[in-house]
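Working notes, beginning with the structure itself.
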Amino acid sequence: MSLLRLEDLTVTYRTAEGAVPAVRGVSLELEAGTTLGVAGESGSGKSTLAATVLRLTPPTATVGGRVLLDGEDVLTMSFGRLRAVRWAAAAIVFQGALHSLNPLQRVGQQIAEPVLLHDADVTRRQADQRVRDLLGQVGLAGRLASAYPHQLSGGQKQRMMIAMALACRPRLLIADEPTTALDVMVQAQVLDLLTTLVRDLGLGLVLISHDLSVLGTTCERLAVMYAGRVVEEGPSADVLARARHPYTRALSAAFPTIGDAAARFAPRGLPGDPPWPGDLPPGCPFHPRCGEAVAACAGTDVRLRECGGAHRAACVHVGTRPVEVRA
Ligand code: ADP
Ligand code: MG
């Protein structure tokens, strides 16, 4: 049984401007102890997808489909069961979470909180020991438990957030843009840490980033999202070297090296902006920006097609021409 299985997931936000279909039928699977990277420009639905895994979407969101954690549907489970599952089965490091540490509380206390909350029998002393163990796991000195957030660097804060996520020994970790706010050296260290944790703790990892090069070094499989759908999916090496969707090629050219801050705001090879989910173009939503668009693209809403080797892409060209191999 898969650790995580999304089946035809849809999320629509109700807003004053009308319905915003942020996720439009995503199916994905993650085996225990494996890593999946989710890529896509800002607005493609990545954070919304992450929030559904622990049913953390706001009340204005309507969620459809199924989110199976170890075979159990998160969307229909009781609140009591959901409380048990949050932290202990799966944990999320949220985008921008570096700023969510309480500035008035020592970080060790903040990490101890989920431990104490989830295990009524645990003593304060045991919780403190657990905090020191967790800090060791993320490569931080135990004495930093008594620090306040402002005394820590960005990289140390991100390690604290990861330690907090690991507090109740989840089997699934979702990290949403965990390196985006960090400088390049520190980004590489945080990615190393995630890789080590996956190996040592047998964690399943969903790593989310707009930067394909970040995901390629860390994840076994990649899913590329555009306008609320997965448009390409497969083994990382395949998706990066033999991308079949023009969007994947454009995204990978836009972020050629890890942590290129300039590329984030002016991605090369990606003209224009992603569409507003409330007003999508007909056919393939990427066709107005696509250098390889043909007449059929405006009229065909292509779903994922097999391209061999567990590799799939949603493009009219798939199946009609040989795979390009980039040098
Ligand atoms: P990503 O993480 O890929 O940048 P998001 O999941 O944050 O994408 O957003 C997907 C789309 O949903 C965007 O168009 C965003 O504006 C919209 N959206 C996100 N959260 C909300 C919300 N709470 N209410 C209305 N629209 C939202
Ligand atoms: Mg996001």
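The values are calculated or read from the model by the stated rules, or taken from the named source; none is laboratory data. Keep in mind that this is a model prediction, so the values were computed, not measured. All Cβ positions, even for glycine, are placed from backbone atoms using ideal geometry, and neighbour counts span all protein chains on display. For accessibility, only protein heavy atoms count, side chains too; no ligands or nucleic acids. Shrake-Rupley method; radii C 1.70, N 1.55, O 1.52, S 1.80 Å.
Some observations on this one:
- Unit charges at the beta carbon, dipole of the chain: most positive-side option, 74, 309, 291: 74
- With the convex hull of the Cα atoms taken as the outline of the chain, the averaged projected area works out to 17.4 nm².
- Look at the dipole of the chain built from charges on Cβ: of 152, 174, 28, the Cα furthest out on the positive end belongs to 152.
- Local electrostatic count at residue 54 - Lys and Arg +1, Asp and Glu -1, tallied over other residues with Cβ under 11 Å: +3
- Residue among 155, 308, 40 with the largest mean-square fluctuation in a Gaussian network model of the chain, springs linking Cα atoms under 10 Å: 308
- All C-alpha pair distances within segment 124-249, sorted into 5 Å bins from zero, spread as 2, 10, 19, 20, 17, 13, 8, 5, 4, 1, 0, 0 percent across the bins.
- Length-normalised contact order of segment 104-195 in % [C-alpha pairs under 8 Å, at least 6 apart]: 32 percent
- Segment 1-137 - charge dipole about Cα centre, Lys and Arg +1 at Cβ, Asp and Glu -1, debye rounded to 20: 400 debye
- Computed from Cα atoms, the angle from the helix 124-137 axis to the main principal axis of the chain rounds to 40 degrees.
- The chain: most fluctuating residue of 254, 84, 314 per GNM, C-alpha cutoff 10 Å: 84
- Excluding ligands, DNA and RNA, the accessible surface per residue across the chain is 45 Å² with a 1.4 Å probe.
- Just so you know, the Rg over Rh for segment 42-143 is 1.01, from Cα atoms, with Rh as the Kirkwood radius.
- 12 Å beta-carbon shell around residue 91, net charge (K/R +1, D/E -1): +2
- For segment 169-314, averaging the sequence separation of C-alpha pairs within contact (under 8 Å, six or more residues apart) and dividing by the residue count gives a relative contact order of 20 percent.
- Net charge over other residues, Cβ less than 13 angstrom from the Cβ of residue 150 (K, R count +1; D, E count -1): +2
- Scanning the chain for GluC sites (Glu not before Pro) lying in DSSP loops with no more than 12 further Cβ atoms inside 10 Å, the longest uninterrupted stretch between such sites is 18-323.
- FRET efficiency for residue 116 and residue 300, using Cβ-Cβ distance with R0 set to 45 Å, rounded to 0.05: 0.25
- Between 0 and 90 degrees, the angle of helix 107-118 with respect to the longest Cα principal axis of the chain falls at about 90 degrees.
- Principal-axis tilt of helix 154-165 within the chain, Cα atoms, nearest 10 degrees: 80 degrees
- Share, in percent, of DSSP beta bridges within the chain that are antiparallel, nearest 5: 60 percent
- Placing +1 on each Lys and Arg Cβ and -1 on each Asp and Glu Cβ, with no other charges, gives the chain a dipole about its Cα centre of roughly 380 debye.
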